[in-house]
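Report on one structure; see the data block that follows.
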Amino acid sequence: MNRMLRVIVTIVILAAGICMLVSIKPIMRRIYPFHYRDIIFQQASRFEIDPYLIAALIYVESKWNTWAVSPKGATGLMQLMPDTAAWISEQTGGDYQVEDLLEPELNIMLGCWYLNYLRNYFLSLTAALAAYNGGQGNVQKWLADRQWDGTFASVADIPFRETRIYMHRVAHTYSIYQKLYQ
């Protein structure tokens, strides 16, 4: 009887675990929403970037708050600095006002363009993500001074603590978005 009880308890625990896994996905989707999906898929396709990475980047940068403005002035979903957005607009022949960065479609397009530019500049998505957070000039210096080799395996070598944490947060959030929405 003792053995039978253990088998029943094991089955109940396994069944409860399966039920919890099945029912947790809707909860996780509320914690990690995926807004502006059509815009993200369109721009991600245009710039050959994984849309789930863009969703993760937006989550980490602004938690989907279109009105987000950082203390340093980074604006909108993808937290673009107004000077960077102005430079991107020059490069792309666009025209915008700072308040336009609060518009999801423009912000996502400019952010995807910029991430693509950084990826092409550094020839590494990992270095591009570090530059998106820590600045292109800083990443150039870290690479030139051999402080960091530009790989995710050596993220711990990045001199800026904020950028090291950012890289791990983006990677973690990216894996969540892949599991929830792919």
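Quick notes on this one:
- Mean Cα-pair separation over length for region 97-161, i.e. relative contact order, pairs under 8 Å, 6 or more apart, %: 19 percent
- For the chain, the number of Lys pairs with C-alpha atoms closer than 19 Å, counting only pairs eight or more positions apart or on separate chains, is 4.
- Excluding exposed DSSP-loop trypsin sites (Lys or Arg not before Pro) (at most 16 other C-beta within 10 Å), longest clean stretch of the chain: 73-145
- Helix 161-181 axis, angle to the chain major axis (alpha carbon atoms, nearest 10°): 60 degrees
- Crossing angle, helix 37-46 versus the chain [Cα axis fit, 0-90 degrees, rounded to tens]: 60 degrees
- Mean residue ellipticity, 222 nm, helices only, the chain: the sum of -39500 (n - 2.57) across DSSP H runs of n ≥ 4, divided by residue count and rounded to 500, is -22000 deg cm²/dmol.
- Theoretical gain in end-to-end length, Glu105 to Arg6 [0.36 nm per residue, Cα-Cα removed]: 30.0 nm
- The chain: relative contact order as a whole-number percent, Cα under 8 Å and 6+ apart: 20 percent
- Projecting the Cα atoms of Pro33, Pro82, Gly134 onto the charge dipole of the chain, computed from C-beta unit charges around the Cα centre, puts Pro33 farthest toward the positive end.
- Between Val98 and Ile31, the C-beta separation translates, for a Förster distance of 35 Å, into a calculated FRET efficiency of about 0.70.
- Computed from point charges on the beta carbon alone (+1 for Lys and Arg, -1 for Asp and Glu), the dipole magnitude for the chain about its Cα centre is near 1280 Debye.
- Neighbour cut-off at most 12 other Cβ (10 Å), DSSP loop, GluC sites (Glu not before Pro), region 35-122: Glu48
Bear in mind that the values in this text are calculations on the coordinates, not laboratory data. In this text the structure is predicted, and so the values were computed from the model without any measurement. Methodologically, a virtual Cβ is constructed for each residue, glycine included, from the backbone with ideal geometry; neighbour enumeration extends over all protein chains shown.
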